[in-house]
Amino acid sequence: MQTHFSATQLAEPQIQQADDILRKCVHCGFCTATCPTFVLTGDERDSPRGRIWMIRDFLEQDSPADSRLQYHLDRCLTCLSCMTTCPSGVDYMHLVDIGRERLDSTTSRPLSDRLVRWMLSHIVPHAGRFHLALLAARLAKPVSFLLPKRLKAMVSLAPATPQPLDRIGRTDASYADKNTASIKRVMLLAGCAQRAIDPEINAATIRLLNRFGIEVVVKSQASCCGALAHHISAHDKAMQTMRQTADAWRDEIEAGRIDAIIVNTSGCGTQLKDYGQLLADDADYAEIGSQISDYAMDISELLARLDVLPLNAPNGLVVAYHAACSLQHGQKVTEAPKAILERAGFRIVSPAESHLCCGSAGVYNVLQPELSQQLQARKLSALNATGADIVAAGNLGCINQLADSTAPICHTAQLLDWAYGGDAPAAVAQAGISIQHVSD
């Protein structure tokens, strides 16, 4: 793609980065075939190629954009499917970041939009506040039809039966199996929304890792990765959160006391792996940001590297694996989750259109409820068509978005914990599904 930035513009590092990204685009259109919003709307402006054109024009003109650019950028899920498809290696993720940041610095949003975004960025990343919000949402469900569409979407997404707030992450703690010699020591990001919605994911993760001889360290100060604020252009809030998390882990990393940073929410994993770039311009955090990116890995990546004997015990149970966008497109982790589930004895099937987003995408299901619900229905139809006994996913947002699937849905780590001797995930137990352990 040709660009026409002035020498003065190119002197800005952000514009230079955008120029480098834009020049790689060859307008081939491969991205349009795998873009969820373009698949739904057929509007070129709702495709990566169309958004790239609009971002280029906006940045070159160096003036406030019209409302159409904001409208179509807001409709992008940032699922990154286009980056998997792109034959030219266009870094769409960071180009959209630049476009959104510049756009929000020059264009004022309606007051109602600003209030919703402020509320999301100041509640969801704080587990305690979010837990209280979920309790309130439960009370509001009977009258949700009276609420504006975004508040209605928030209420409808809240679990019908709120779980207790996860105690893991409340204080600094180390978890190890006293009967098993530790072979590794890892940090676990306890997370924010996940602690409020499903505390069993962290518990199952720690039990599973301990069983394999891995000590797990949790730091209370590392309560959020900053992804939510980052993706709704709350730039200052995102940077503050990332620095706080980096500070929480700095001593352990610099002392060489950990082998990895494990993440069991793939959206957070994508964010952590990008700390090296996101913090690159901060002299105090550039090095630790790069180290965090190097240490971060999804739990499936770590488990796939362990020499763990297969169980072959789940009696032929069929698991439909839902590939979260942040894992398959953002982190390029595609085979490890399926491989470790198969090694544990499950039979894995993939739904049709597995590359398409389920519509969760952080808080997209709140900010863009119409498109999100269309993608949700499409994904649920594909999952139900597999006829699987269980659905597995590696991201809380997807699990919550797809809770109405015919088969019970749970986290990959919960299924593995169950297969290797732990309790059945609650959704699986409620469905009356059981397995025969090797030791039984």
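The values are calculated or read from the model by the stated rules, or taken from the named source; none is laboratory data. Note that this is a predicted model, so its numbers are computed, not measured. Because the Cβ atoms are built from the backbone with ideal geometry, glycine has one as well, and the counts that use them run over all protein chains shown.
In the condition set (1) of a type in the set (Val, Ile, Thr); (2) part of a helix (DSSP H, G or I); (3) within 25 Å of residue 427 (Cβ to Cβ), residue 262 is compliant with all but (2). Do we find that residue 303 is modelled with pLDDT of 95 or more, touching an Asp or Glu at 6+ places or on another chain (Cβ under 9 Å) and not in a loop (DSSP other than H, G, I, E, B) in this structure? No; evaluated as a whole, the condition is false for this residue. The set of residues in segment 12-29 being in contact (Cβ under 8 Å) with a residue 12 or more places away in the chain and not in a helix (DSSP H, G or I) consists of 23, 24, 25, 26, 27, 28, 29.
Of 151, 147, all but one fail to be more than 22 Å from residue 426 (Cβ to Cβ), surrounded by fewer than 20 Cβ atoms within 10 Å (Cβ to Cβ) and touching a helix residue (DSSP H, G or I) at 6+ places or on another chain (Cβ under 7 Å); the exception is 147.
Within segment 163-177, can you find the residues that are in contact with a Lys or Arg (Cβ under 6 Å, 6 or more places away or on another chain) and at negative phi? Those that are in contact with a Lys or Arg (Cβ under 6 Å, 6 or more places away or on another chain) and at negative phi: 166, 172. What single numbered condition from (1) over 16 Å from residue 264 (Cα atoms); (2) touching a Cys at 6+ places or on another chain (Cβ under 8 Å) fails to hold for residue 374? Of the numbered conditions (1) over 16 Å from residue 264 (Cα atoms); (2) touching a Cys at 6+ places or on another chain (Cβ under 8 Å), the odd one out for residue 374 is (2).
Within segment 330-348, residues that are surrounded by 18 or more Cβ atoms within 10 Å (Cβ to Cβ) have Cβ atoms under 7 Å from residues that are among the hydroxyl-bearing types (Ser, Thr, Tyr) and part of a loop (DSSP other than H, G, I, E, B) in these pairs: 344/420, counting only partners at least 6 apart in sequence or on another chain. In segment 280-329, of all residues being among the polar types (S, T, N, Q) and either assigned by TED's automatic domain parsing to the domain that holds residue 372 or free of Cβ contacts under 8 Å to residues at least 24 places away in the same chain (or both), the one that is surrounded by the most Cβ atoms within 10 Å (Cβ to Cβ) corresponds to 326. Given the structure, is residue 82 in contact (Cβ under 8 Å) with a residue 12 or more places away in the chain, on the phi < 0 side of the Ramachandran plot, over 26 Å from the mean Cα position of the chain (by Cα) and not assigned by TED's automatic domain parsing to the domain that holds residue 354? No.
Of all residues in segment 99-113, exactly one satisfies the criterion of being of a type in the set (A, V, I, L, M) and either in contact (Cβ under 8 Å) with a residue 40 or more places away in the chain or surrounded by 21 or more Cβ atoms within 10 Å (Cβ to Cβ) (or both), namely 103. Taken over segment 60-82, residues that are surrounded by fewer than 20 Cβ atoms within 10 Å (Cβ to Cβ), hydrophobic (A, V, I, L, M, F, W, C) and modelled with pLDDT of 90 or more amount to 0.
What are the residues in segment 423-433 that are surrounded by fewer than 18 Cβ atoms within 10 Å (Cβ to Cβ) and touching a residue at least 24 places away in the same chain (Cβ under 8 Å), if any?
426, 431
Run down 96, 116 and say which single residue is surrounded by 13 or more Cβ atoms within 10 Å (Cβ to Cβ) and modelled with pLDDT of 95 or more. Walk me through how you get there before you give the answer.
Values: 116 fails: modelled with pLDDT of 95 or more.
Step by step, each of 96, 116 is checked, and only 96 is surrounded by 13 or more Cβ atoms within 10 Å (Cβ to Cβ) and modelled with pLDDT of 95 or more.
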